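A.B. asks: Please read through the structure below; I'll follow up with questions.
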Amino acid sequence: MTSTRVPQEERSRSMRLRLLEATVQCLAEHGWAGTSTTLISQRAGVSRGAQLHHFPTKTDLVVAAVEHLTLVRGDELALAAAALPTGPRRTRAVLEMLGDHFTSDVFVAALELWVAARTDPALLAVVGPFERVTGRETHKLTVEMLDADESQPGSRELVQATLDLIRGLGLANTISNDQARRSRILDRWAAVLDDELPRRSKEQG
């Protein structure tokens, strides 16, 4: 029994993951209106029947995709943060990392969900809580990456302004390639943070 059940469970997890990843890809490429369960199942290489077995409705699939997006976004940021350099160029590297995150397919897919949730109460009830969790975790990670001392006046606001700025630049990038302008803005903002952001001392850890 066990020898046949374990591979079946693994196949089921693999199929589910393919459906979730295909959902993210379809949202990024085709938008909310252009994403259908049929398109997702085709993209995932999964039969329509198998897709309905795992996710009977589009809402079921999107809810699972929101959860998946949250985990993927967190993992992506944590991995990128671990590879950041130290020294005088760290601030600019942090901004570049955040800029890459907020122009990624994962961010674009999340953006499609935000827009759809604005007029869909059922979807908003799912997307809203996950976005609040993601926002808190992203803020916390940014504080750590920048060694910001949030006990000092103005520090928290500068960190939040950083995230708002880069998120806005990511939004602009969905309309047209904005890389050159974004790079100049991030250069300048890195200088502002280096001059104005209170940092933790080494003793504070």
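A.B. asks: Give me the pairs: first residue in the stretch 59-71 and assigned to a helix (DSSP H, G or I), second residue of a type in the set (Gly, Ala, Ser) and open to solvent by less than 10 Å² (accessible area, probe 1.4 Å), beta-carbon distance under 7 Å, and six or more apart or on different chains, which are they?
C.D. replies: Pairs found: Leu69/Ala109; Leu69/Ala110.
A.B. asks: Search the stretch 72-89 for residues being assigned to a helix (DSSP H, G or I) and in contact (Cβ under 8 Å) with a residue 24 or more places away in the chain, and hand back the single one that is nearest to Leu20 (Cα to Cα). Reasoning before the result, please.
C.D. replies: The first filter runs over the stretch 72-89 and keeps only residues assigned to a helix (DSSP H, G or I), leaving 72-82.
Then keep just the ones that are in contact (Cβ under 8 Å) with a residue 24 or more places away in the chain; that gives 72-74, 76-78, 81.
Values: Val72: 11, Arg73: 14, Gly74: 16, Glu76: 16, Leu77: 19, Ala78: 21, Ala81: 25 Å.
Looking at the filtered set, the residue picked out is Val72.
A.B. asks: Considering only the stretch 25-57, how many residues are under 25 Å from Leu171 (Cα atoms) and of a type in the set (Val, Ile, Thr)?
C.D. replies: Residues that pass the stated criteria total 2.
A.B. asks: State yes or no: is Glu196 touching a residue at least 60 places away in the same chain (Cβ under 8 Å) and open to solvent by 90 Å² or more (accessible area, probe 1.4 Å)?
C.D. replies: Working: touching a residue at least 60 places away in the same chain (Cβ under 8 Å): no; open to solvent by 90 Å² or more (accessible area, probe 1.4 Å): yes.
So Glu196 fails the test.
A.B. asks: Also: For Arg48, indicate whether it is open to solvent by less than 20 Å² (accessible area, probe 1.4 Å) and touching a Ser or Thr at 6+ places or on another chain (Cβ under 8 Å). Step through it out loud before you land on a result.
C.D. replies: Values: open to solvent by less than 20 Å² (accessible area, probe 1.4 Å): no; touching a Ser or Thr at 6+ places or on another chain (Cβ under 8 Å): yes.
No.
A.B. asks: Output the qualifying pairs, or none if there are none: Cβ atoms under 7 angstrom, residues six or more apart or on different chains, first residue in the stretch 131-151 and within 15 Å of Thr91 (Cβ to Cβ), second residue open to solvent by less than 30 Å² (accessible area, probe 1.4 Å) and of a type in the set (Ser, Thr, Tyr).
C.D. replies: Thr142/Thr162; Leu146/Thr91; Ala148/Ser155; Asp149/Ser155
A.B. asks: If I filter the stretch 167-187 down to residues being open to solvent by less than 60 Å² (accessible area, probe 1.4 Å) and at pLDDT 95 or above, which single residue comes out as nearest to the chain's Cα centre (by Cα)?
C.D. replies: Only one residue tops the list, namely Leu186.
A.B. asks: Also, I was wondering about something else. Find the helices (runs of 4 or more DSSP H) located wholly in the stretch 107-205 whose residues include 3 or more that are β-branched (Val, Ile, Thr), and list them.
C.D. replies: Values: elements: 121-146, 155-173, 179-196.
Of the helices (runs of 4 or more DSSP H) lying wholly inside the stretch 107-205, those with at least 3 residues that are β-branched (Val, Ile, Thr) span 121-146, 155-173.
A.B. asks: Does the stretch 111-128 hold any residues that are of a type in the set (A, V, I, L, M, F, W, C) and open to solvent by 60 Å² or more (accessible area, probe 1.4 Å), and which are they?
C.D. replies: Restricting attention to the stretch 111-128, the residues satisfying the condition of being of a type in the set (A, V, I, L, M, F, W, C) are 111, 113-117, 122-127.
Hits for the stretch 111-128 are Trp114, Val115, Ala122, Leu124, Ala125.
A.B. asks: If you check Glu144, Glu131, which single one turns out to be open to solvent by 50 Å² or more (accessible area, probe 1.4 Å) and either in contact with a helix residue (DSSP H, G or I) (Cβ under 8 Å, 6 or more places away or on another chain) or at pLDDT 90 or above (or both)? Full working, then the answer.
C.D. replies: Details: Glu131 fails: open to solvent by 50 Å² or more (accessible area, probe 1.4 Å).
None of the other options fit; the residue is Glu144.
The values are calculated or read from the model by the stated rules, or taken from the named source; none is laboratory data. From a predicted model like this one, the values you see are computed outputs, not experimental measurements. Glycine also receives a Cβ, built like all others from the backbone with ideal geometry; neighbour counts cover every protein chain displayed. Heads up: the accessible areas ignore ligands, DNA and RNA and are worked out on the full protein's heavy atoms, side chains in. Shrake-Rupley method; radii C 1.70, N 1.55, O 1.52, S 1.80 Å.
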